[in-house]
1. Filter the stretch 167-192 for residues that are part of a loop (DSSP other than H, G, I, E, B) and at pLDDT 95 or above; which is farthest from D93 (Cα to Cα)?
2. Using the structure shown, decide if S705 is of a type in the set (S, T, N, Q), over 20 Å from P404 (Cα atoms) and either over 39 Å from the mean Cα position of the chain (by Cα) or at pLDDT 55 or above (or both).
3. How do the pairs read when you match residues in the stretch 231-259 that are closer than 18 Å to R496 by Cα with residues anywhere that are basic (K, R) and open to solvent by less than 20 Å² (accessible area, probe 1.4 Å), using Cβ under 7 Å and keeping only pairs 6 or more apart or on different chains?
4. Is it the case that some residue within the stretch 384-391 is within 24 Å of I121 (Cβ to Cβ) and either more than 14 Å from the chain's Cα centre (by Cα) or surrounded by fewer than 20 Cβ atoms within 10 Å (Cβ to Cβ) (or both)?
5. Search the stretch 528-565 for residues being acidic (D, E) and assigned to a helix (DSSP H, G or I), and hand back the single one that is surrounded by the fewest Cβ atoms within 10 Å (Cβ to Cβ).
6. Among the residues of the stretch 440-463, what is the count of those that are under 17 Å from L568 (Cα atoms) and either touching a Gly at 6+ places or on another chain (Cβ under 7 Å) or of a type outside the set (S, T, N, Q) (or both)?
7. Here is a check on your reading of the model: is T611 under 34 Å from the mean Cα position of the chain (by Cα) and either modelled with pLDDT of 80 or more or on the phi > 0 side of the Ramachandran plot (or both)?
8. So in the stretch 342-354, with the set limited to residues that are modelled with pLDDT of 95 or more and more than 22 Å from P191 (Cα to Cα), which one is farthest from the chain's Cα centre (by Cα)?
Amino acid sequence: MDTPASTIPATVSAATMGPLSAWFEYLQDAAQRSILFWDVMRQRGNQYREHMSENAPHVLSFTPELLIDGRGLERPVNYALVRIVPPKGATIDETRRPFVIVDPRAGHGPGIGGFKADSEIGVALKAGHPCYFIGFLPDPMPGQTIEDIARAEAIFLEHVISLHPDADGKPCVIGNCQAGWAVIMLAALRPELFGTIIIAGSPLSYWQGVHGKYPMRYSGGLLGGSWLTALASDLGNGKFDGAWLVQNFENQNPANTLWTKPYNLYSKIDTEAPRYLGFELWWGGHVNVNAEEIQFIVDELFVGNNLAAGRITTSDGTAIDLRSIRSPIVVLCSKGDNITPPQQALDWILDLYDSVDEIRSFGQTIVYSVHETIGHLGIFVSAGVARKEHGEFSQNIDLIDALPPGLYEATFEPKTAEIAGADYISGDWVMRCEARTLDDIRALGGNDAADERRFATAANVSEVNLALYRTFLQPAVRAMVTEPFAEQLRQFHPLRLQYQFFSDQNPLMAFIGKMAEGVKENRSPASDDNPFVKLQEHASRQIVAGLEAWRTTAENWAERTFLTVYGLPVLQSAVGIDPADDGPFRRAAKTALHRKVIQSRIDELKAHIDTGGVRECLARGLLYVGMERGRADERGFAAIRRMRSIGDGQSRLTLTEFETLIREQFLMLLIDQQATLEAIPHLLPSDPALRRKALASLQDIVTASGALSGGALARWERIVDLFEVEPDTLGRRAIRKPSEKPRLVSEG
């Protein structure tokens with residue numbers, strides 16, 4: 001069936017239409033765009049119906065091979081472990097540690113970690129790592145809990161480890177959004193299963209934020225707590241509809257939801273459809289969560305904010321203490337993320353530790369990276385972030401593992417032809433880990449004592465309201481709801497309806513496809529300089545501005561309401577919060593046992609200061625100089641790899657042995673720097689040639705990222721003196737100190 005829009009000639013010109021040509025050109029283009037737009041909506045609906053009819057819907061762009069189906073475990077769950085089949089042309093090194101990507105079950109289906117070629121999975125494969133993926137089915141198993149999922153993921157990781165007995169490290173596990181805190185919880189319970197942990201956009205400290213931004217953290221208090229979560233689960237007959245979680249995301253940016261996203265498709269209809277449909281395949285793949293799971297998430301993590309405080313326990317009474325994690329933790333967050341802002345991603349560190357020295361006392365290495373603008377989804381969806389942040393971490397994961405305990409910020413510098421040590425750089429960026437303190441985290445902003453009291457009050461109010469609901473309303477709701485009724489409620493959710501309504505299931509959409517075919521044959525887009533196109537763009541900007549103003553007003557109102565209501569001294573007193581209490585409400589407890597363990601460890605390290613050989617001396621020299629610089633980057637680590645094979649005829653160190661060496665020597669320097677350095681001459685071999693060779697190798701490492709100067713140069717000179725070798729005439733290199741003659745060190 002043809003329409004006037006599809007049969008208008010493609011050659012409407014100023015010559016034939018006169019001064020009205022621009023107007024008719026625009027009308028023709030607008031009519032054609034409208035038909036093509038609704039055709040994309042039709043395709044989206046058909047795509048949704050086809051996707052949701054699959055047994056295991058996902059959006060992975062890589063081929064998965066099922067290894068373990070969680071439904072067959074002793075405690076069945078709807079999770080599964082798959083191996084990512086390397087695409088053609090990919091070269092995988094089986095001795096490199098495997099990567100395991102865990103996707104969030106926060107309303108959407110699985111696969112976003114491997115959504116496109118430039119993704120977390122893609123960059124891991126490009127770096128030569130074997131890759132695995134943990135996904136899930138749309139519906140949970142009956143009775144499935146968060147703890148059951150953690151047990152299943154532990155089984156998955158055990159299997160991955162068994163498949164790679166010769167790997168140079170335990171699996172690097174990436175947890176996106178909700179999966180991030182799930183991974184962190186498991187790592188606290190089973191630290192021996194993990195290599196480096198990367199958590200992207202994960203809200204580990206949900207109360208945190210700054211005034212005027214990030215209003216989602218107020219939602220729990222404004223809704224009266226988690227009783228609505230329980231009601232929604234009861235209306236779902238024991239299942240919580242993930243579409244409500246997606247709706248929460250949509251509500252955070254009404255300008256994008258109501259206008260920008262559809263308008264972007266409309267205005268770029270000739271090129272935008274494939275990208276739009278690809279994203280909508282994931283965005284509309286809603287999944288369900290058991291009532292027990294979502295209640296735990298809301299009560300313990302969101303409203304309760306109990307994770308960092310160590311207040312969550314397993315069924316056998318084991319407390320989940322994040323300080324038990326022994327693997328390096330990499331935190332990726334963004335100032336442009338209004339779902340998980342930097343404060344929520346990082347302030348758990350402040351809840352757990354009083355200083356960087358305390359972080360070191362637990363043997364923890366924490367690295368964070370704060371993007372300036374990218375939104376929540378972009379942290380683990382954006383190709384740019386994947387190629388840069390995820391790509392650099394994948395290529396330099398050994399550098400993270402080898403960092404001494406402490407707190408670091410990862411920064412990225414573009415690689416240029418002039419940059420020092422360019423031969424050591426594998427990608428397009430130089431990743432540098434800069435030493436930081438807790439004050440750097442505090443500088444990002446956060447709650448004061450009054451805010452903490454408000455959120456603690458909201459948490460207590462939530463407990464009261466939930467208890468009231470369970471006592472007086474829940475029995476009646478559960479008695480009325482049947483599974484057919486619950487399923488109808490899910491199908492009539494507004495987000496699901498919009499997909500179903502615009503599919504071919506709706507007879508009114510049947511003619512759109514044919515109309516679109518005619519339009520494509522006679523497509524005539526308006527020129528970019530058409531004044532009505534420019535007017536359209538201007539109108540679009542005004543609509544966005546209006547919706548943004550609406551959002552800002554609503555957010556300001558929500559914040560003022562929350563701060564006022566939960567700041568009332570009478571309400572705080574009524575729920576057991578002292579209005580005059582300025583202390584922290586969610587701080588992890590400290591024990592005398594840890595202090596005893598630390599003292600025992602200190603005594604052990606002191607006893608080993610006078611033991612070792614060339615490797616220990618090289619590590620001490622490297623760390624001593626590096627401590628003055630306060631940073632490490634991939635150029636130095638690329639050079640440092642040779643240290644693993646330097647020694648008195650010893651075999652090459654495994655990566656784990658090398659990491660242990662670095663950590664122990666670093667702690668020795670912290671405990672007693674003078675004694676640790678003075679032991680170097682006694683640990684070195686007596687052969688001057690071996691000493692010169694070792695010193696030359698160390699020089700290559702400390703200068704890989706640029707010449708030494710200032711305090712670092714002074715420290716290097718002390719290390720040269722401790723090696724007690726005279727320079728010879730072969731292979732000399734100079735490290736210049738300003739205004740001085742070069743000091744020469746032999747390469748042997």
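The values are calculated or read from the model by the stated rules, or taken from the named source; none is laboratory data. Computed from a predicted structure; not experimentally measured. Backbone-built Cβ (ideal geometry, glycine too); neighbour counts: all protein chains shown. When the accessible area is computed, the model is the full protein with side chains, heavy atoms only, and any ligands, DNA or RNA have been set aside. Shrake-Rupley method; radii C 1.70, N 1.55, O 1.52, S 1.80 Å.
1. My answer is R190.
2. no
3. G236/R490; D241/R490; A243/R496
4. yes
5. Per the criteria, the residue is E537.
6. Going through the stretch 440-463 one residue at a time, the tally reaches 14.
7. Criteria not met by T611.
8. Q343
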